[in-house]
1. Within the set of pairs 6 or more residues apart or between chains, which connect a residue that is within 16 Å of B:Ile83 (Cβ to Cβ) inside the stretch B:52-65 to a residue that is open to solvent by 80 Å² or more (accessible area, probe 1.4 Å) and not in a loop (DSSP other than H, G, I, E, B) with Cβ atoms less than 8 Å apart?
2. Modelled with pLDDT of 95 or more and closer than 30 Å to B:Asn39 by Cα, is that true of A:Ala53?
3. Picking from A:Ala20, A:Ala36, A:Ala27, which residue would you name as being open to solvent by less than 20 Å² (accessible area, probe 1.4 Å), within 8 Å of chain B (Cβ to nearest Cβ), touching a strand residue (DSSP E or B) at 6+ places or on another chain (Cβ under 9 Å) and of a type in the set (Gly, Ala, Ser)?
4. Look at B:Ser79 and say whether it is open to solvent by 20 Å² or more (accessible area, probe 1.4 Å), within 8 Å of DNA strand D (Cβ to nearest atom), over 13 Å from the mean Cα position of the chain (by Cα) and away from chain A (no Cβ under 11 Å).
5. Is there a residue in the stretch A:44-51 that is within 11 Å of the chain's Cα centre (by Cα) and either open to solvent by less than 40 Å² (accessible area, probe 1.4 Å) or free of Cβ contacts under 8 Å to residues at least 60 places away in the same chain (or both)?
6. Got a sec? Which of A:Phe99, A:Phe9 is open to solvent by less than 10 Å² (accessible area, probe 1.4 Å) and either in contact (Cβ under 8 Å) with a residue 40 or more places away in the chain or closer than 30 Å to B:Ala90 by Cα (or both)?
7. Take the residues in the stretch A:54-74 that are at the interface with chain B (Cβ under 10 Å from one of its Cβ atoms) and within 9 Å of DNA strand D (Cβ to nearest atom), then tell me which one is farthest from A:His25 (Cα to Cα).
Number of protein chains: 2
Amino acid sequence: MASPKLNEFIEDEQVLAAFAKALSHPARIAILKVLAQKNECICGEIVEVLPLAQSTVSQHLKELKDADLIKGAVEGPRSCYCINWDAFDAFNLSFNHLFNHLKDQQNNTCC
Amino acid sequence: MASPKLNEFIEDEQVLAAFAKALSHPARIAILKVLAQKNECICGEIVEVLPLAQSTVSQHLKELKDADLIKGAVEGPRSCYCINWDAFDAFNLSFNHLFNHLKDQQNNTCC
DNA sequence: TAGATTCATCGTATAAAAACGATAAAATAA
DNA sequence: TTATTTTATCGTTTTTATACGATGAATCTA
């Protein structure tokens with residue numbers, strides 16, 4: 001009965017929603033900030049600065065990776081992560097498109 | 001055990017995450033588009049163009065309202081909704097700040 | 001080789017989100 | 001006044017998200 005009907009919305013809206021979902025938890029925003037600041041870093045460094053268990057951080061990293069916002073590379077026993085700027089720019093563009101699209105029709109005479 | 005630790009992140013990240021969460025479902029993005037296009041409209045008009053039940057649409061409207069992205073006014077037996085442009089602009093600004101903040105530190109030499 | 005590090009994944013528990021039908025409240029229309 | 005319209009809310013079900021500890025695989029170090 002509670003089957004998500006995401007597929008019944010248009011592609012564009014699904015893509016944007018997926019991006020927004022990736023940013024919908026403060027831990028994931030914090031992770032992006034850390035990655036931007038350090039340029040690249042391993043999972044353990046992120047765990048150090050977040051109030052979350054290692055397994056939880058790893059899960060958040062996976063979600064960011066699934067959303068294509070970050071890249072990960074195995075380096076020996078470690079995993080090195082960094083922001084995927086190309087995808088990031090594309091998403092930023094999509095967002096600006098939505099904002100501009102909405103603003104284009106702005107009309108302050110509403111209820 | 002799964003108690004959300006949202007409060008342990010900084011205010012700024014929480015605000016952004018809450019905004020992103022409001023946009024994290026295609027139905028809510030679609031609703032914003034309809035509102036922008038029609039400038040204002042009642043719940044029933046939105047229900048007509050979405051593949052969701054009235055109660056579900058009402059729920060999504062409530063979430064957008066809780067996030068302060070839209071305003072609602074009772075008009076007799078109907079509810080008229082429209083975009084809250086002030087809050088919307090503020091959120092857009094916050095998002096751009098995040099994007100710019102991250103981009104400022106961009107350095108393509110990563111793993 | 002043996003022990004230590006690092007991290008992804010599994011299992012599990014709890015909370016939140018998503019969806020619907022039914023219903024009640026409010027206002028309009030007959 | 002009675003019936004109709006409109007929509008928010010309640011109750012419920014299903015799915016997804018969040019969080020943690022434990023474990024195993026991979027690599028490094030002693």
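The values are calculated or read from the model by the stated rules, or taken from the named source; none is laboratory data. Note that the structure is a prediction, hence the values are computed from the model and not measured. Glycine gets a Cβ as well: all are built from the backbone with ideal geometry, and neighbour counts include every protein chain shown. For accessibility, only protein heavy atoms count, side chains too; no ligands or nucleic acids. Shrake-Rupley method; radii C 1.70, N 1.55, O 1.52, S 1.80 Å.
1. Going by the 8 Å Cβ cut-off, the qualifying pairs are B:Lys65/B:Lys71.
2. On the way: modelled with pLDDT of 95 or more: yes; closer than 30 Å to B:Asn39 by Cα: no.
Judged against the criteria, A:Ala53 is not a match.
3. On the way: A:Ala20 fails: touching a strand residue (DSSP E or B) at 6+ places or on another chain (Cβ under 9 Å); A:Ala27 fails: touching a strand residue (DSSP E or B) at 6+ places or on another chain (Cβ under 9 Å).
Of A:Ala20, A:Ala36, A:Ala27, the one residue that is open to solvent by less than 20 Å² (accessible area, probe 1.4 Å), within 8 Å of chain B (Cβ to nearest Cβ), touching a strand residue (DSSP E or B) at 6+ places or on another chain (Cβ under 9 Å) and of a type in the set (Gly, Ala, Ser) is A:Ala36.
4. Working: open to solvent by 20 Å² or more (accessible area, probe 1.4 Å): yes; within 8 Å of DNA strand D (Cβ to nearest atom): yes; over 13 Å from the mean Cα position of the chain (by Cα): yes; away from chain A (no Cβ under 11 Å): no.
Here the answer is no, as B:Ser79 does not meet what is asked.
5. Scanning the stretch A:44-51 turns up no residue that is within 11 Å of the chain's Cα centre (by Cα) and either open to solvent by less than 40 Å² (accessible area, probe 1.4 Å) or free of Cβ contacts under 8 Å to residues at least 60 places away in the same chain (or both).
6. Working: A:Phe9 fails: open to solvent by less than 10 Å² (accessible area, probe 1.4 Å).
So the residue among A:Phe99, A:Phe9 that is open to solvent by less than 10 Å² (accessible area, probe 1.4 Å) and either in contact (Cβ under 8 Å) with a residue 40 or more places away in the chain or closer than 30 Å to B:Ala90 by Cα (or both) is A:Phe99.
7. The extreme case among them is A:Val74.
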